[in-house]
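The values are calculated or read from the model by the stated rules, or taken from the named source; none is laboratory data. All values derive from a computational prediction rather than experimental measurement. Glycine also receives a Cβ, built like all others from the backbone with ideal geometry; neighbour counts cover every protein chain displayed.
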2 protein chains.
Amino acid sequence: MPAFIRAIPDGDDRERLTCPDCGFIAYENPKIVVGSVVSAEGRILLCRRAIEPRRGFWTLPAGFMEMGETVEEGARREAWEEAQVRIALEGVLAVYSIARLGQVQVIFRAGFAEPGFAAGPESLEVRLFGWEEIPWAEIAFPSARWALTRWQEMAGKPLAAPATNPPEDARGTRPLPQPAGL
Amino acid sequence: MPAFIRAIPDGDDRERLTCPDCGFIAYENPKIVVGSVVSAEGRILLCRRAIEPRRGFWTLPAGFMEMGETVEEGARREAWEEAQVRIALEGVLAVYSIARLGQVQVIFRAGFAEPGFAAGPESLEVRLFGWEEIPWAEIAFPSARWALTRWQEMAGKPLAAPATNPPEDARGTRPLPQPAGL
């Protein structure tokens, strides 16, 4: 890492990592994790982690959102990468903030868009669990437990999902309108 | 900015900005904007922007989430900074992805926690607008229009808000549990 120093940029109100040579400011912002509770006939898809942290523990298909995608696209990508499953999103199940880690998690409720699943490169194993079979002591992260609990609370209930982008700009790719003058 | 090059780090599957001298990888992740549609007796609080982009146009109190805060704390902070208003959050109204900008917006529905508001340093003016008075041609961003439209659709209806952190860890600050062994 470059020899950044902490300094308050002009017009800002808090310290940022700044390169004393070139003035580059490395803003640190919270990162977005996108994931899903994916179920079929009341059984939930969990992945046993092949990587640290919490290798060997079970979790939801979830991971860091990438540039250029929407939260929905990210959740579908992660389900494919970690569990080789094509999912159909039903709505937002939860929005969790992990202030300690600088993380916001957007968790969807989802079903299978196509049959079939398998362990991706970051998973040791992928399995469907009935609610009574969930290995609570071996769930990797508190937020995965929260999301599973929330899923059970909402089982069979419609998700009044928060609005997502309107159909005419479903990916948020339109440019700003030209200023029309004040 | 340092003379970063684009290279695929070991174990990754896409190019990242990398310093060829020291190996530092500058991951670029989508940023989170937190904001609120704040209303009192059916009138909505809007801020006229004192800064670019879209200086002079009207928008919701909203801005980039900072490290160390939750989405809820960020939304309250932005309302205070931009409109000098203390707000009470009711729930998540919308989650928008602006893929073009690498942005995710978490927009709350909120009321006033205390009376009073005023223009903060980034606002030229702050006003309450009845629905029929909203200056649609002078709204700064498409997503602000989406959120206002969503607010109207949900007016008077309960928000089946997505779950937020459970009360026992409302800020997501607890450490991971110790691995219990497999």
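The table below lists the values:
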| read-out | value |
| --- | --- |
| Segment B:106-118: number of residues that are touching a strand residue (DSSP E or B) at 6+ places or on another chain (Cβ under 8 Å) and either acidic (Asp, Glu) or at the interface with another protein chain (Cβ under 9 Å from one of its Cβ atoms) (or both) | 2 |
| Residue match in segment A:101-118 (condition: more than 21 Å from A:Glu41 (Cβ to Cβ) and part of a helix (DSSP H, G or I)) | yes |
| Enumeration of residues in segment A:134-158 that are surrounded by fewer than 15 Cβ atoms within 10 Å (Cβ to Cβ) and in contact (Cβ under 8 Å) with a residue 12 or more places away in the chain | A:Pro135, A:Gln152, A:Ala155 |
| Scope segment B:21-52; condition more than 12 Å from chain A (Cβ to nearest Cβ), closer than 23 Å to A:Pro30 by Cβ and aliphatic (A, V, I, L, M); matching residues | B:Val38 |
| Flag for A:Arg127 being under 19 Å from the mean Cα position of the chain (by Cα) and of a type in the set (Lys, Arg) | no |
| Members of segment A:105-134 found to be of a type in the set (Val, Ile, Thr) and touching a helix residue (DSSP H, G or I) at 6+ places or on another chain (Cβ under 6 Å), listed by number | A:Val106, A:Ile107, A:Val126 |
| Unmet requirement for A:Thr18, which otherwise passes all of (1) out of contact with any Lys or Arg (no Cβ under 9 Å at 6 or more places or on another chain); (2) farther than 27 Å from A:Gly156 by Cβ; (3) more than 11 Å from every other protein chain (Cβ to nearest Cβ) | (1) |
| Residues of segment A:65-104 classified as out of contact with any helix residue (DSSP H, G or I) (no Cβ under 6 Å at 6 or more places or on another chain), of a type in the set (S, T, N, Q) and in contact (Cβ under 8 Å) with a residue 60 or more places away in the chain, total | 1 |
| Residue within segment B:55-62 that is aliphatic (A, V, I, L, M) and closer than 30 Å to B:Leu159 by Cβ present | yes |
| Search result, residues across segment B:10-54 that are at pLDDT 80 or above and either part of a loop (DSSP other than H, G, I, E, B) or exposed (fewer than 11 other Cβ atoms within 10 Å of the Cβ) (or both) | B:Glu15, B:Glu28, B:Asn29, B:Pro30, B:Glu41, B:Gly42, B:Ala50, B:Ile51, B:Glu52, B:Pro53, B:Arg54 |
| Members of segment A:55-102 that are more than 26 Å from B:Ser143 (Cα to Cα), surrounded by fewer than 19 Cβ atoms within 10 Å (Cβ to Cβ), more than 7 Å from chain B (Cβ to nearest Cβ) and not aliphatic (A, V, I, L, M) | A:Arg55, A:Trp80, A:Glu81, A:Gln84, A:Arg86 |
| When residues of segment A:119-166 are limited to those that are part of a helix (DSSP H, G or I) and basic (Lys, Arg), the one nearest to the other protein chains (Cβ to nearest Cβ) | A:Arg150 |
